[in-house]
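Let me begin by presenting the structure, written as structure tokens, before commenting on it.
The values are calculated or read from the model by the stated rules, or taken from the named source; none is laboratory data. Since the model is a prediction, treat every value here as computed from it, not as a measurement. Neighbour counts are summed over all protein chains in view; Cβ atoms, including those assigned to glycine, are modelled from backbone coordinates with ideal geometry.
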């Protein structure tokens, strides 16, 4: 199977001979946009309005996602005045990208993210690259994960199959954080293998949702969107990252998507059987520092601002 890294190297090689495309693809990782969604999920409480900011897939490293750029993202997010900010994992660069760059210390990017502010808090889950960063974590197949330690030191709680109850305008709301579905490399590997393999996760959806103790709506944070087919209707919204929206797309078509479902959950607002999923295109790069057709984005989601469609 053609891996993302092999494909992206091909794009970069092709781009070198195509100045316009190459310049755009290499420059696009430096852009920063805001993508907005507004809807009311089924059975959403009347009168409950919540504005969620979503940050996914930073892949912190110099020069493409350094301290100054992360602080710019933080300032832009805070200026959007979210009620709650959700961090969806993959804060670290990943081994393949870090060979092309200078990897940042975890406490540096975590301190920058510590500047995020929201009335209902900042909440985080880990991504696969966060679990893959430390060879000892892979060897013992358990945490603590250095990225999680750094985030918590910066005042940001990290959830692994946990849920927290919030209150907005007198009404309850739950933020649930699923453990990562690709946490561990297949046994016998000393590096993440190329292509889709049988990664071992630390996710437990049933245990996570069992912590929800009232009828308040649930927003589920899951780094990889592949969990979505098993998410029950009890969950008002699932938010994910991981795919980078394909990272390189042609007229909206993403040739390479790191998902067992292919392009089914590559990007954007997906509705299946009245269940809602939003997949962020993310902010950083994986494999190689090129984006094409999917610029970096902060995602803003307004829930309950519009009437339910009849």
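Any chance you could count how many residues in the stretch 154-194 are out of contact with any helix residue (DSSP H, G or I) (no Cβ under 9 Å at 6 or more places or on another chain) and closer than 21 Å to residue 90 by Cβ?
Total meeting the criteria: 4.
Evaluate the stretch 39-54: report whether one residue or more is in contact with a helix residue (DSSP H, G or I) (Cβ under 6 Å, 6 or more places away or on another chain) and either modelled with pLDDT under 95 or in a loop (DSSP other than H, G, I, E, B) (or both).
No.
Each row is one residue, and each column tells you yes or no for (1) surrounded by 19 or more Cβ atoms within 10 Å (Cβ to Cβ); (2) under 17 Å from the mean Cα position of the chain (by Cα).
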| site | (1), (2) |
| --- | --- |
| 83 | yes, no |
| 148 | yes, yes |
| 156 | yes, yes |
| 169 | no, no |
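Given the conditions (1) farther than 22 Å from residue 87 by Cα; (2) free of Cβ contacts under 8 Å to residues at least 12 places away in the same chain, which single one is not true for residue 206?
(1)
Please work out which residue is nearest to residue 299 (Cα to Cα), limiting yourself to the stretch 75-108 and to residues that are in a helix (DSSP H, G or I) and either free of Cβ contacts under 8 Å to residues at least 12 places away in the same chain or in contact with a helix residue (DSSP H, G or I) (Cβ under 6 Å, 6 or more places away or on another chain) (or both).
Among residues in the stretch 75-108 that are in a helix (DSSP H, G or I) and either free of Cβ contacts under 8 Å to residues at least 12 places away in the same chain or in contact with a helix residue (DSSP H, G or I) (Cβ under 6 Å, 6 or more places away or on another chain) (or both), the one nearest to residue 299 (Cα to Cα) is 79.
Give me a count of the residues in the stretch 145-176 that are without any contact (Cβ under 8 Å) to a residue 24 or more places away in the chain, part of a loop (DSSP other than H, G, I, E, B) and more than 20 Å from residue 103 (Cα to Cα).
1
Take the stretch 251-267 and flag every residue that is more than 19 Å from residue 199 (Cα to Cα) and in contact with a strand residue (DSSP E or B) (Cβ under 6 Å, 6 or more places away or on another chain).
267
In the stretch 129-141, which residues are without any contact (Cβ under 8 Å) to a residue 24 or more places away in the chain and either within 21 Å of residue 227 (Cα to Cα) or touching a helix residue (DSSP H, G or I) at 6+ places or on another chain (Cβ under 9 Å) (or both)?
Hits for the stretch 129-141 are 134, 137.
Do any residues in the stretch 258-272 that are at positive phi and touching a residue at least 12 places away in the same chain (Cβ under 8 Å) have Cβ atoms under 6 Å from those of residues that are loosely packed, with under 12 Cβ neighbours inside 10 Å and assigned to a strand (DSSP E or B), where the two are at least six apart or on different chains, and which pairs are they?
Here the result reads none, with nothing in the stretch 258-272 linked to a residue that is loosely packed, with under 12 Cβ neighbours inside 10 Å and assigned to a strand (DSSP E or B).
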